[in-house]
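Beneath this line is the structure, given in structure tokens, with notes to follow.
The values are calculated or read from the model by the stated rules, or taken from the named source; none is laboratory data. Quick caveat, the model's predicted, so the values are computed rather than measured. FYI the Cβ positions are ideal-geometry reconstructions off the backbone, even for glycines, and counts take in every protein chain you see.
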Amino acid sequence: MQQHLLKTAVLLITTVSVFTGCIKKLDLVPVNDITADAVYATALGYKQALAKAYGSFALTGNSGGGGSPDVSPQIIADEGNSDFLRLYWNLQELTTDEAAWTWQNDAGVRGLKEMSWASSNPIIAGLYYRSFFQITVCNDFIRQSNDSKISERGFKGNDAAEIKKYRAEARFLRAYQYWVLMDLFASPPFVDENAPIATGLPKQISRAELFTYIESELKAIEPELAAAKTNEYGRADKAAAWALLARLYLNAKVYTGTEKNTEAIANCQKIIQAGYTLHPTYRNLTIADNHLNTDENIFTINYDARYTQNWGGTTYLAHGPAAVPGSISGTSGNWGGLRHTQQFVDLFPDASGNTDTRAQFYTTGQNKTMADLYVGTDGYSSFKYRNKTRTGAPAPNADPNGNWTDIDFPLFRLGEIYLIYAEAVLRGGTGGSSAQALTYINQLRTRAYNGSNAGNITASGLTLDFILNERGRELYYEAHRRTDLIRFDKFTTASYLWAWKGGVAAGRAADPKYNIFPIPATDLSSNPNLKQNTGY
Amino acid sequence: MKLKKRLGRYGLVILLLLVNQLIFAQARTVTGKVTDGTGNPLAGVTVAVKGKQNATTTATDGGFSLSNINTGDVVVFSSVGYNTIEQTVGAGSSLSIALVTAAGNLNEVVVVGYGSTRKRDLTGSVATVSSKDFQKGQISTPEQMIAGKLPGVSVISNGGQPGSGSTIRIRGGSSIRASNDPLIVIDGVPLAAGGISGAGNPLSFINPNDIESFTVLKDASAAAIYGTRASNGVILITTKKGTGGKLRMNFSTSVSASTVANKVDVLSADEFREIVNAKGTLAQRAMLGTANTDWQDEIYQTVLATDNNLTISGGLKKLPYRVSFGYTNQNGVLRTDNLQRTSIVLALNPSFFNNHLKVDLNIKGSAQQTRFANTGAIGGAISFDPTQPVYSEEYDNRFGGYYEWRSAATATGLVNLVGRNPLGLLNQTVNRSNPYRSIGNLQLDYKFHFLPELRANLNMGYDVSEGRGTTFVSDSAASAYAPGGVGGENNKYRQQRTNTVFDFYLNYNKLFSKIKSRVDVTAGYSYNNFLATNYFYASYNAQGVKYPNSDPAFAFDKPENTLVSFFGRLNYTYNDKYLLTATLRRDGSSRFAGDNKWGMFPSVAFAWKVMDEKFLTTSKVFSDLKLRIGYGVTGQQDGINNYDFLSFYGLSSPNATYQFGNEYYQMYRPGAYNPNIKWEETTTANIGLDYGFYNNRITGSIDVYHKKTTDLLNSIPQPAGTNFSAFFIANVGSMENKGVEFNINTEPVKSSTWNWDAGFNVTFNKNEITNLTVVPKDATYRGIQAGGIAGGIGGGFSQIQQVGYSRNTFNLYQQVYDKDGKPLENVFVDVNEDGIINQDDLTKTKSAVPDLFMGFSTNVSYKRFSAGFVLRSSIGNYVYNNVYSNAGNQLQILGNYVLYNASANYLETKFNGNSNNLLSDYYIQNASFLRMDNLTFGYDAGSILRKKATLRLNASVQNVFVLTKYKGLDPEVSSGVDNNLYPRPRIFTLGLNLNF
């Protein structure tokens, strides 16, 4: 009997100690993923978190080629379509005369060119949620790098100064994304670093208020950013902030109803005075070693075939154009997708590229006229983006399979600044001169004409319409076109028609509501504070 | 002659007993032996004296000894699955009894959570299938054996791949986004959700031959003892145990042939040529080949499978044991698919200290050698150009000699982004896996010496598995061809899972005769830990050279979760007629934080054995009648991630870095989180009636239930700017399942030569989503899209989860038809009459979930011959035919770089495809069906080899026929979207079973 009692006691004691031990096991944490305090314990950790704020422009997620997306698959099922650049580019280009995409069954494609999109369109929702992802990441970074956190975590001297610079850059990246949202969706919900995570319903901000916010942010961070041309390659400096301000002011009337051309000119001048010059060869602007073009590039999205792999970005821009052989694009081949409308090709003196070298059209087997919107041979194609170095060799980190590209994407470059300057002067801005504007434009044209003055224009030729066309020639496929056409009131109106605008081969005007994209239905249903844009 | 002799012997015994009684009317010890009907000893039989505290159980040799017995005492012999026998003690001191298998199984002991009970004492909705009623034939995964056998339980195989799993739904499933899979417990070891790398179906490791019974706990009062894991019901699997007694061996072997029963209807080469010549461009016409290839014939094959099992059981002195070995080798009807499984199972069931300590040791081990076919070939075979040959000598037999689409413009010589030769995909991909799994437990059940009513039960179990394998794609394979050669793939994968379980409970069970009450109380503790280790590897080319910078961010990850539970159960029986069961479980989960960590799950049930009331005991019609009423709350925490409650930063892989200066930085991404996440909760009310007529020749039950799930774990859109992901998991919404289950089992003919039994069950279930939004019933909320459609990139969705509708309700445009009933392409009903066809015109129609499903099984035997079949039917389930919609249009043929074959549906619709046709409700088809799962014949050869052995021969056909209106390959598609299903084969099996 005693023996049994003893046995029972031992059993009970063992059991009780196992119980308590086990309950502790209810507090489990992941092995590889770490908490904020662990990430931000070192200056390197800060830099790696900052790398996400930047890298979100280039990549689809945390795994090269896909597998760990930033944007939920419920928004975009195919991760390769979910990076910032491809989404933004598609909305800025596929809706215009510059580009059409062949594969109509790809989610969200049908309706873009035809100007009949709805609030459920996955490309529209994709860009919206991509921008908000980047804003939320920046907010987090800004929160984690406020002065008290920096001192709490014991950073001093150089480290503290560097982290503050990171913080200013994160504010720049956030301002850029808000500019995108303002341009595309007019009045998105607004959250800054003070907004809570995992709770709350953000309120919409009016387009004009958002304009003021972006302007004030860019001005506020200017002193904290690195001087122009002094930061590491790929990171924003003062010139990047000026360039965004210049773009913001140029379009101010669209956003606020008030022209701000004088301010646009002032910011262009700051950039020009900082020592940027045009890169001598236009065709080297969008190739594998364009990171060498520090003379002209102001701010780029960086890609590398070995280190920054994804199916969007410049991989898309090099593979996407229909029919272009891999031997020309420096890739494994083309995806048969992107073509130009004939109206866009006609902006150039001829399609050969022998006159204006900016014309980089692939015409073999292609019909110039886009008789059918969804046929890969209708419309000339483009080889503007080529994954080759200026010597024609593969990039040092080139992908042996020819999938990924090394081409950096110029988000801001001097060419655009010259065009902003000229347009702002033409629109009545002060502080610059028409003569200077003409000089800048002719510098662009001389480069385009391979150093020849044959393409130069005279003062009388420098009109607003010329500027729009010149922007088309200089900046096509660099994600500017929709914004430009809206500023010139040619996006939805009958004043400029291109093939398949409005859904017909000859083109036709569309409802002016299409100047602004709809707030995605998904967000409307999850946030009762939101009001849909007019007409959707 | 014999009879006379026996009578004589019995007469002598009776006489002696009488004499004994007269002479020795005093307390004494009685010994004896209990055997089964065939003379084998029965261990573990309870031998008790009626009205006294005097009881024991039989030892392995069937023997027992009872002291303090008086003449006239009534000794009760009871055991699992046998009729209880009461024997009055006569004058002798020896009692030997043969127990007879129980009819109607009412005395059958049923395993319930943390214990067992007699079937007649059940208060909840519990259903059991034992081995004699299993589906027969070549079955590679155990759950298939109960398909169609139980009301309320739907088992749909995920396709015809050897070892592939099934979708099991008990009473419709209780969730939308979290898991709808029931909890499966094998011999007291709860399995973790999900499979392992290289073996997607966890049950495929269990040799079906080793399973004794399946018990399904359907309502909350039965399942609530499993707390947060019980919302989708619980399946308890019990494996066969050692029997004790003399050595017995069983050998069974079978050989099967599997054939493809049905192919997808595509255009023939000639039809295809005609269309391309009529409608294609010059370039496309030039692409046409001269062959007539049926690609489906090329990739499918008729194959053989073998299955062998050897079981040895008996008792080594006092140690009952069972050892079984199994080896099965099964080929898939898709070429290159192969599954070999070797399994060993050991069960030891000794008792010590005069049966006070019972020990149950079960160890199961199983190793598989698998080659997975590249199932991409299934879709490939439907769409690859039928005018092209299988092989081509062009390009000097590059690409393994297979015909491929070639291009002079690419560095590889192949057209980019087009389908590759289906046979090449199969033969040039070698995905081999060698997963193993071992499940074991040691259960100690100790009946206290000083208080025999009290038992302590300790169960320690483990479930360890490892999956590892290699995917090799030949360097010459077109699917992974690199410019200049040395592409291909040679990638490893590996995963380990270690799950541990520790349960301890005390059970007090006592009959208080004076107040006619039996009290049975259980209180316990359970600890479950689920730890996985996932290994990550770089990518390698076919020669084993690493692709540059393909290293993963981490070498491995160890996701883990723990569940700690306290549970209690009270069974109170009054007068053996009124039964009350109450359970309570408190669960702590590592998946939740703060106040949400712990949850409480109660249940209560009441049963009334109407049959035992006086007014029925004498009935000649009724032989059983019991009313059950139950209510309870269960939880659900499966199907979500382990660490969603807190924000963690994840590091990007080395090929997803960002360049600053000349350095590339791996990025830290903040993860989305929800600090308030908790389990979803299901309350179930159940009313049931068990009945039996004519001495239980007719038995069955009817159950009516109502399940309501609240706080649904759902992936919902986060207001933009408020989280690090657009969608994240949160507890929002509610859903209901209402249903009726009915089953009837009959034995219309029962004689010494003819026997016929039949069973039928039917389940009606109505599922309805009742809320999905934070602000309840927000009418502006469009619902959650589901049922992804293949076609284009991220083609779209065919279904929606919306308030007021069943889960997976189709949500598509209403097709407009011409006067001949032909669909008009891209003409849809403008439901809101606003002049445009957009998302507002999508219409919710049918659902992929059936209204009712049925099963019918029957067996007939005449002398040594027997035959039986199983029918299964499902009514009111619809399927979106994605093969028709994606491949049934002209764009499929002519709208790509190269030519693709189309579904024969193109000939009916003549759709161009340049439209929204993917979203047409034309493609929703009625997939109600009647399927004969199984047709079996058996012949009992009886004793052979000079009566040293018995032999049984059997033959069966599986998947005999399907009657359906559905026009695709197979109407059974649990997701409701039919896209390139692995065809379920028709299987012919011959087998023999030898006992010696």
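The table below gives the values:
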read-out	value
Enumerated strands (runs of 3 or more DSSP E) restricted to the stretch B:69-188, each holding at least 1 residues that are within 24 Å of the chain's Cα centre (by Cα), hydrophobic (A, V, I, L, M, F, W, C) and at pLDDT below 85	B:109-112
Some residue of the stretch A:499-518 being in contact with a helix residue (DSSP H, G or I) (Cβ under 7 Å, 6 or more places away or on another chain) and of a type in the set (Val, Ile, Thr)	yes
Residue ranges of helices (runs of 4 or more DSSP H) in the stretch A:316-428 with at least 2 members of a type in the set (S, T, N, Q)	A:326-329, A:342-345
Any hit, the stretch A:285-302, residues being under 25 Å from residue A:173 (Cβ atoms), in a loop (DSSP other than H, G, I, E, B) and within 10 Å of another protein chain (Cβ to nearest Cβ)	yes
Any hit, the stretch B:323-343, residues being more than 30 Å from residue B:140 (Cα to Cα) and surrounded by fewer than 18 Cβ atoms within 10 Å (Cβ to Cβ)	no
Restricting the stretch B:387-446 to residues that are acidic (Asp, Glu) and under 30 Å from residue A:394 (Cβ atoms), the residue that is surrounded by the most Cβ atoms within 10 Å (Cβ to Cβ)	B:404
Any hit, the stretch B:614-623, residues being surrounded by fewer than 23 Cβ atoms within 10 Å (Cβ to Cβ), of a type in the set (Lys, Arg) and not in a loop (DSSP other than H, G, I, E, B)	yes
Test result for residue B:688, at positive phi, of a type outside the set (S, T, N, Q) and surrounded by 22 or more Cβ atoms within 10 Å (Cβ to Cβ)	no
So residue B:117, is it among the hydroxyl-bearing types (Ser, Thr, Tyr) and within 19 Å of residue B:960 (Cα to Cα)	no
Any chance residue B:596 is under 16 Å from residue B:636 (Cα atoms) and either at the interface with chain A (Cβ under 10 Å from one of its Cβ atoms) or surrounded by fewer than 22 Cβ atoms within 10 Å (Cβ to Cβ) (or both)	yes
Positions within the stretch B:437-451 being within 14 Å of chain A (Cβ to nearest Cβ) and either among the charged types (D, E, K, R) or in contact (Cβ under 8 Å) with a residue 40 or more places away in the chain (or both), in sequence order	B:444, B:445, B:446, B:447, B:448, B:449
Index of the failed condition, residue A:267 passing every other in (1) more than 19 Å from the chain's Cα centre (by Cα); (2) crowded, with 22+ Cβ neighbours inside 10 Å; (3) within 14 Å of another protein chain (Cβ to nearest Cβ); (4) not in a loop (DSSP other than H, G, I, E, B)	(3)
Selection status of residue B:946, part of a loop (DSSP other than H, G, I, E, B), at pLDDT below 95 and either of a type outside the set (A, V, I, L, M) or touching a Ser or Thr at 6+ places or on another chain (Cβ under 6 Å) (or both)	yes
Those strands (runs of 3 or more DSSP E) lying entirely in the stretch B:631-727 with at least 2 residues at pLDDT 95 or above	B:649-651, B:657-660, B:663-666, B:668-670, B:680-693, B:698-710
Condition met for residue B:408 (under 21 Å from residue B:980 (Cα atoms) and of a type in the set (A, V, I, L, M, F, W, C))	no
Residues located in the stretch A:184-202, provided they are more than 10 Å from chain B (Cβ to nearest Cβ) and either over 14 Å from residue A:520 (Cβ atoms) or not in a helix (DSSP H, G or I) (or both)	A:186, A:187, A:193, A:194
Residues satisfying the stated conditions in the stretch A:28-42, i.e. more than 7 Å from chain B (Cβ to nearest Cβ) and part of a loop (DSSP other than H, G, I, E, B)	A:40, A:41, A:42
Subset of the stretch B:778-822 [assigned to a strand (DSSP E or B), surrounded by fewer than 22 Cβ atoms within 10 Å (Cβ to Cβ) and touching a Lys or Arg at 6+ places or on another chain (Cβ under 7 Å)]	B:800
Residue within the stretch A:490-502 that is surrounded by 15 or more Cβ atoms within 10 Å (Cβ to Cβ) and in a helix (DSSP H, G or I) present	yes
Among residues of the stretch B:882-926, those that are of a type in the set (A, V, I, L, M) and touching a Leu at 6+ places or on another chain (Cβ under 8 Å), counted	8
Matching option when the condition is out of contact with any strand residue (DSSP E or B) (no Cβ under 8 Å at 6 or more places or on another chain) and facing chain A (nearest Cβ under 10 Å), among B:528, B:541, B:549, B:561	B:549
Residue check, residue B:657 more than 14 Å from chain A (Cβ to nearest Cβ) and either more than 35 Å from the chain's Cα centre (by Cα) or surrounded by 17 or more Cβ atoms within 10 Å (Cβ to Cβ) (or both)	no
Any hit, the stretch B:610-626, residues being without any contact (Cβ under 8 Å) to a residue 60 or more places away in the chain and within 14 Å of another protein chain (Cβ to nearest Cβ)	no
Any hit, the stretch B:682-696, residues being over 30 Å from residue B:175 (Cβ atoms), within 14 Å of chain A (Cβ to nearest Cβ) and touching a strand residue (DSSP E or B) at 6+ places or on another chain (Cβ under 7 Å)	no
Residues of the stretch B:250-306 that turn out to be more than 28 Å from the chain's Cα centre (by Cα) and aliphatic (A, V, I, L, M), as a count	13
The stretch A:137-163, residues that are among the charged types (D, E, K, R) and more than 24 Å from the chain's Cα centre (by Cα)	A:147, A:149, A:152, A:153, A:156, A:159, A:162
Answer from A:280, A:325, A:321, A:349 - the residue that is within 24 Å of residue A:469 (Cβ to Cβ), within 14 Å of chain B (Cβ to nearest Cβ) and not charged (D, E, K, R)	A:321
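To keep it simple, each residue is scored yes or no on (1) polar (S, T, N, Q); (2) free of Cβ contacts under 8 Å to residues at least 40 places away in the same chain; (3) closer than 30 Å to residue B:490 by Cβ; (4) touching a Phe, Trp or Tyr at 6+ places or on another chain (Cβ under 8 Å).
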| position | (1), (2), (3), (4) |
| --- | --- |
| B:503 | no, no, no, yes |
| B:509 | yes, no, no, no |
| B:521 | no, no, no, yes |
| B:535 | no, no, yes, yes |
| B:539 | yes, no, yes, yes |
| B:548 | no, yes, yes, no |
| B:562 | yes, yes, no, yes |
